[in-house]
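Peer 1: Dumping the structure here so I can ask a few things about it.
The numbers here are math on the coordinates, done by the rules we state, and not lab data. What you see is a predicted model, and the numbers here were worked out from it, not measured in a lab. Heads up, the Cβs are rebuilt from the backbone with ideal geometry, glycines too, and the neighbour counts pull from every protein chain shown.
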Amino acid sequence: MVLAELAYNDDIINVSELKKNWPLWGERARNKPVTILYKDDPLTLISRKYIGELTKKMYYTNLIVNFCQGYLEDKSGRRGALPWAAYLKSADRRIFLRELMSAYEESYAKDNLMIIQNVVDDWKATAEVESNPRLAKALMADEDSSQYIEIKD
């Protein structure tokens, strides 16, 4: 579903209808916006949860669009919305971009924005490791299992 459709999928009523059936319209506004035609400026009743979800969707949409614009202008990602992506190898940045677009599509289809956040968090952690060669070396080092400590329940 497109963001604009979500924002304007409302019931439109006049003030007298609102006064006459306030409990009905108040309850309906919990699930979807209700617009009241009042003089020349329509007013909308909308639940905080609904507007919060719209705000999050707008945030992630802007983040992804800005990252894509930065990526197209500067393949390093330094000027994009996610500057840490510049630390990813070129091939990894392309994979990240594909995964980000896929997560965006899936998150809207499932109405679950954490799908996007999880992809961003995972790739940010990868970029942090790649930005610090000492950390990368330490993480990739073979461990001596004889120094492990057994934890007993």
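Peer 1: Name the single residue, out of those in region 132-150 being surrounded by 10 or more Cβ atoms within 10 Å (Cβ to Cβ) and small (Gly, Ala, Ser), that is nearest to TYR87 (Cα to Cα).
Peer 2: Result: ALA136.
Peer 1: Does ILE64 satisfy the criteria of being touching a residue at least 24 places away in the same chain (Cβ under 8 Å) and within 25 Å of TYR50 (Cβ to Cβ)?
Peer 2: Working: touching a residue at least 24 places away in the same chain (Cβ under 8 Å): yes; within 25 Å of TYR50 (Cβ to Cβ): yes.
Taking the combined requirement at face value, the residue satisfies it.
Peer 1: Just need a number here: residues in region 25-48 that are of a type outside the set (D, E, K, R), closer than 11 Å to ASP11 by Cα and not in a loop (DSSP other than H, G, I, E, B).
Peer 2: Residues flagged as of a type outside the set (D, E, K, R), closer than 11 Å to ASP11 by Cα and not in a loop (DSSP other than H, G, I, E, B) within region 25-48 amount to 7.
Peer 1: State which residue is surrounded by the most Cβ atoms within 10 Å (Cβ to Cβ) when the search covers only region 109-131 and only residues that are part of a helix (DSSP H, G or I) and in contact with a Ser or Thr (Cβ under 9 Å, 6 or more places away or on another chain).
Peer 2: Residues of region 109-131 part of a helix (DSSP H, G or I): 109-110, 114-131.
If we keep only those that are in contact with a Ser or Thr (Cβ under 9 Å, 6 or more places away or on another chain) too, we end up with 114-117, 119.
On the way: MET114: 11, ILE115: 19, ILE116: 25, GLN117: 14, VAL119: 19.
Residue satisfying both the conditions and the ranking: ILE116.
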